[in-house]
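These notes are about the structure you will find just below.
The values are calculated or read from the model by the stated rules, or taken from the named source; none is laboratory data. Values in this document were obtained by computation on a predicted structure and should not be read as measured data. Positions of Cβ are backbone-derived with ideal geometry, glycine not excepted, and every protein chain shown enters the neighbour counts.
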Amino acid sequence: MAGPRARGDRGQVALEFTGMVPLILLTLALLWQVVLVGYGYTLAANAADEAARACAVDGDGAAAGARHLGGAWQGSATCSGPAGGMVTAVATVQIPILFPGLGAFDGAEATAGAVYEGSVTTP
């Protein structure tokens, strides 16, 4: 036989769970944002590597870097050099807020270099 005390706790678990749902959702959103930041830095590094490889053989580094970004990810790549037999590429990718296209933080920047293999002109 259930006493008056046992019946007074009915629904307590449901109430506590309802109170914890916003905290759980906030934690999941923060973890997702950390994943997006990490993926943004990975994309920036890959775009910089591809831009440096293209510039090393006198190709279009900016186009090569942009080609290796996803459709919803915005960014750019630039090349400099050759200086001292090396070309350097810098890629910048905008880090989205929760979802690509929703808004963006400043961005992730990556730098890559490659040995210049293009045609050398002598004066």
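Tell me the residue from Ser80, Ser76 that is over 20 Å from the mean Cα position of the chain (by Cα), part of a strand (DSSP E or B), more than 26 Å from Thr27 (Cα to Cα) and not aliphatic (A, V, I, L, M), please. Walk me through how you get there before you give the answer.
Working: Ser76 fails: over 20 Å from the mean Cα position of the chain (by Cα).
It is Ser80.
Please verify whether Val93 is of a type outside the set (Ser, Thr, Tyr) and touching a Leu at 6+ places or on another chain (Cβ under 6 Å), treating the condition exactly as stated.
On the way: of a type outside the set (Ser, Thr, Tyr): yes; touching a Leu at 6+ places or on another chain (Cβ under 6 Å): yes.
In short, yes.
Can you find, within the stretch 113-123, the residue that is farthest from Arg53 (Cα to Cα) among those that are modelled with pLDDT of 75 or more and of a type in the set (A, V, I, L, M)?
Val115
Let me confirm something: among Ala47, Ala110, Ala91, which residue is in a helix (DSSP H, G or I) and either touching a His at 6+ places or on another chain (Cβ under 7 Å) or modelled with pLDDT of 90 or more (or both)? Even if it seems obvious, please write down each step before you answer.
Details: Ala110 fails: in a helix (DSSP H, G or I); Ala91 fails: in a helix (DSSP H, G or I).
Exactly one residue qualifies, and that residue is Ala47.
Kindly indicate whether Gly84 is closer than 18 Å to Tyr116 by Cα and surrounded by fewer than 10 Cβ atoms within 10 Å (Cβ to Cβ). Please lay out each step first, then the result.
Values: closer than 18 Å to Tyr116 by Cα: yes; surrounded by fewer than 10 Cβ atoms within 10 Å (Cβ to Cβ): yes.
In short, yes.
Out of the stretch 41-99, which residues are in contact (Cβ under 8 Å) with a residue 60 or more places away in the chain and charged (D, E, K, R)?
Across the stretch 41-99, the qualifying residues are Asp49, Arg53, Asp58.
Which residues, taken from the stretch 31-44, are surrounded by fewer than 18 Cβ atoms within 10 Å (Cβ to Cβ) and either of a type in the set (S, T, N, Q) or within 12 Å of Ser76 (Cα to Cα) (or both)?
Once the filter is applied, which keeps residues that are surrounded by fewer than 18 Cβ atoms within 10 Å (Cβ to Cβ) and either of a type in the set (S, T, N, Q) or within 12 Å of Ser76 (Cα to Cα) (or both), the stretch 31-44 yields Gln33, Thr42.
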